[in-house]
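Worksheet: the structure to be examined is printed underneath.
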Amino acid sequence: MKVEIIDEPIRFHLHGIGGVVENERYSEVGLRLMNEMWQVVKGAGILTTGINHWVYLPDGRMFVGVELRSPQRVPTLDQLEPLEFELQRYMKHVHVGPYQALPQKWKELKAELAARGEVIGSPSLEIYGHNCDEPSKSETTILIGLQQ
């Protein structure tokens, strides 16, 4: 399993919808938020990169958003929350395979970080590649924020 520890900051400026996750039901809540977000985006014809970002925040919260192609002022943009953040230091791993394997991948990554003596910070996120017809070839970039 290839993981990289990156010490160069990366910045995100997303628009989407946030919510609270109860009983660690991240997949269920994430899918609901993603569907709500895309309904607003497509309904308003908002131009985006088309890449989903699932951001895991403290206190059982998550945010699902996309990057806009260019600054836009669209009336329905008010229905989407902005979220801007920077990861100063983080672990990067590209998961190739079905989305259903992601919970196990997270367990493995957290164990690897603990073995290296790293302390997980916040936020962490998954960046989903464009839709792929073959689930075994789907790519998801996982970025886990680390403490300095």
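Numbers below:
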quantity	calculated
Residue match in segment 45-52 (condition: farther than 18 Å from residue 85 by Cβ and in contact (Cβ under 8 Å) with a residue 60 or more places away in the chain)	yes
Which listed residue, of 3, 21, is among the hydrophobic types (A, V, I, L, M, F, W, C) and either free of Cβ contacts under 8 Å to residues at least 24 places away in the same chain or farther than 18 Å from residue 147 by Cα (or both)	21
Hits in segment 129-145 (condition: in contact with a helix residue (DSSP H, G or I) (Cβ under 8 Å, 6 or more places away or on another chain) and either assigned to a loop (DSSP other than H, G, I, E, B) or surrounded by 15 or more Cβ atoms within 10 Å (Cβ to Cβ) (or both))	138, 140, 142, 144
Tabulated pairs, segment 104-123, first in contact (Cβ under 8 Å) with a residue 60 or more places away in the chain, second surrounded by fewer than 15 Cβ atoms within 10 Å (Cβ to Cβ) and not aliphatic (A, V, I, L, M), C-beta under 8 angstrom, 6+ apart or interchain	118/147; 122/58; 123/58
Among (1) small (Gly, Ala, Ser); (2) at pLDDT 95 or above; (3) under 13 Å from the mean Cα position of the chain (by Cα), the one test that residue 122 misses	(2)
Residue 51 vs. criteria within 23 Å of residue 10 (Cβ to Cβ), surrounded by fewer than 17 Cβ atoms within 10 Å (Cβ to Cβ) and within 15 Å of the chain's Cα centre (by Cα)	yes
Among the candidates 40, 66, residue that is among the hydrophobic types (A, V, I, L, M, F, W, C), under 24 Å from residue 19 (Cα atoms) and either in contact with a strand residue (DSSP E or B) (Cβ under 6 Å, 6 or more places away or on another chain) or at pLDDT below 90 (or both)	66
Residue in segment 69-107 that is farthest from residue 38 (Cα to Cα), counting only those that are modelled with pLDDT of 90 or more, in contact with a Leu (Cβ under 8 Å, 6 or more places away or on another chain) and not hydrophobic (A, V, I, L, M, F, W, C)	89
Residues (assigned to a helix (DSSP H, G or I), of a type in the set (Gly, Ala, Ser) and loosely packed, with under 15 Cβ neighbours inside 10 Å) located in segment 97-123	111, 114, 115
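The values are calculated or read from the model by the stated rules, or taken from the named source; none is laboratory data. A quick note: this is a predicted structure, and the numbers were derived from the prediction, not measured. Every residue, glycine among them, receives a Cβ derived from its backbone with ideal geometry; neighbour counts consider all protein chains shown.
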